[in-house]
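Undergrad: Here it is: the structure, laid out below.
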Amino acid sequence: MENHFVKTAGVEALEKLLSRSQEEPIVVFKHSTTCPISAGAYNEMEQYEGEVALVEVQTARDLSQAIEKTTGISHESPQVLILSNGKVVWDASHWKIKADAVAKAVSEARNR
């Protein structure tokens, strides 16, 4: 499978993600490169077939904090957020991150 993770960093990236979410649902995956639970979530997200904005929390802490402040969703790692129309419409963290659940949530966001 081709790599569908798009490494995302910098606070300005949040505005772009929120803007793009006006056109289509955006999947944001906050990932820790040192956490075994996050490694399991990464394996799940590899199975998801759509584009994933990958926020590595160790190197993009400012973006991770901006996402929390802007969305009101408390930071966790690993964490998946689905943005649609500028808002978080679905989120999951830790062992609740499953590729099929993400796909279903994206599909539901498209049909709103």
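Undergrad: Is it true that some residue in the stretch 20-33 is open to solvent by 70 Å² or more (accessible area, probe 1.4 Å), out of contact with any Lys or Arg (no Cβ under 6 Å at 6 or more places or on another chain) and of a type in the set (S, T, N, Q)?
TA: yes
Undergrad: If you scan the stretch 32-59, which residues turn out to be within 12 Å of the chain's Cα centre (by Cα) and either in a helix (DSSP H, G or I) or closer than 13 Å to PHE5 by Cβ (or both)?
TA: ALA41, TYR42, MET45, TYR48, GLY50, GLU51, VAL52, ALA53, LEU54, VAL55, GLU56
The values are calculated or read from the model by the stated rules, or taken from the named source; none is laboratory data. Because the structure is predicted, anything quoted here is derived from the model rather than measured. No Cβ is skipped: glycine too gets one built from the backbone with ideal geometry, and neighbour counts run over all protein chains shown. Protein only, heavy atoms only, side chains kept; ligands, DNA and RNA dropped before computing areas. Shrake-Rupley method; radii C 1.70, N 1.55, O 1.52, S 1.80 Å.
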